[in-house]
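Only the coordinates and a few stated rules stand behind these numbers; no lab work does. Since this is a predicted model, take the numbers as computed values, not measurements. Using ideal geometry, Cβ is built from the backbone for each residue, glycine included, and neighbour counts are taken over all protein chains shown.
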Amino acid sequence: MAQGRMRLTAGLSAAFAVVTVAGMLESAGPARISGSPFGYVTPALAADNGDLFAPIAEVLRHPRCMNCHPRDDRPRQGEDRHPHQQNVVRGDDGLGFTNMRCTSCHREENNAYSAVPGAPTWHLAPLSMGWQGLNNADLCAALKDEKRNGGRNVAALVEHMDKDKLVLWGWEPGGKRAPVSTPHDQFVKQLKDWAAADAPCPKS
Ligand code: HEC
Ligand code: HEC
């Protein structure tokens, strides 16, 4: 009798241990969110919270976008985002300094011979629209902040990323440059889903 109870107790604590370990594993994985009653994102919650932003962040972080959205005065080049050669800098208007104006080299379209990339109004994104090095939470906040993003509400942001020529260039970058990996129509769908859920931002 006593032995039976001991066996039961041992069985119960073993089961409890399994639950605890499973809980630890689960909470070690996905990002914590304060709004969740569980303290971490379950798949069901992920569907309607800031995780909708994750695939968008992946596109924004692509070198084709990030090279023009630095948080300093130097455009970047290439897959490794090295500083622009010839010491090209932002200048007062994002178009470069004196004889190093963006448009002296960059034209309205990619140059097939010189491989200089091009699109209409080629210039550096303003400092307030710099994203390099931001985590998803800060990137999402910066993107949506109308004081920093050129006064765009969420609908205008979606529209910009659907139609803007500099954005679209990211899918036809010319030369040996890799286009943004997510197809553009899929990206626009991700943006619309995010907007429809009231454009939630992740906590980290
Ligand atoms: C050649 C440089 C260049 C490239 C490449 C570029 N951008 Fe931009 N981006 C700009 C400039 C300049 C502005 C500001 C334009 C304005 O306010 O009218 C801007 C503004 C934006 C904005 C609105 C501002 C904000 O902070 O929300 C978004 C969104 C954006 N770009 C997304 C992208 C994405 C996505 C890509 C890549 C697919 C990309 N950009 C590639 C130069 C660039
Ligand atoms: C003296 C000519 C010249 C000037 C001036 C110039 N660029 Fe460039 N830029 C180039 C060349 C050439 C490349 C291609 C380099 C390569 O592919 O290795 C390039 C590449 C880039 C890229 C990289 C695209 C990518 O994703 O790899 C960006 C971004 C860029 N330039 C932005 C600018 C901006 C913004 C300005 C003005 C502030 C500017 N450039 C001024 C010649 C110039």
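Things worth noting here:
- Label zone at Trp171 (point 7 Å along Cα-to-Cβ), backbone N below 18 Å, region 103-119: 109-110, 118-119
- Violating pairs (Cα-Cα greater than 30 angstrom) within the set Lys147/Lys176; Lys144/Lys176; Lys165/Lys192: Lys147/Lys176; Lys144/Lys176
- Residue-wise HN-Hα couplings along region 150-158, as the Karplus relation 6.51 cos²θ - 1.76 cosθ + 1.60 with θ = phi - 60° gives them from phi, are x, x, 8, 7, 4, 4, 5, 5, 4 Hz; Gly and Pro carry x.
- Region 104-204 - percent relative contact order, Cα under 8 Å, separation 6 or more: 28 percent
- The modelled label-to-label distance between Arg81 and Asp164, using points 7 Å beyond Cα along the C-beta direction, is 1.7 nm.
- The label point for Arg71 and the one for Glu58, both projected 7 Å from the Cα toward the Cβ, are 2.3 nm apart.
- Highest average packing first - 180-192, 58-70, Cβ atoms within 10 Å: 58-70, 180-192
- For Asp73, the shell of other residues with beta-carbons less than 13 Å away shows a net charge of +1, using +1 for Lys and Arg and -1 for Asp and Glu.
- Listed by chain and number, the aspartates and glutamates whose C-alpha is less than 17 Å from the C-alpha of Lys189, apart from same-chain residues fewer than 8 away, are Asp48, Asp51, Glu58, Glu159, Asp162, Asp164, Asp198.
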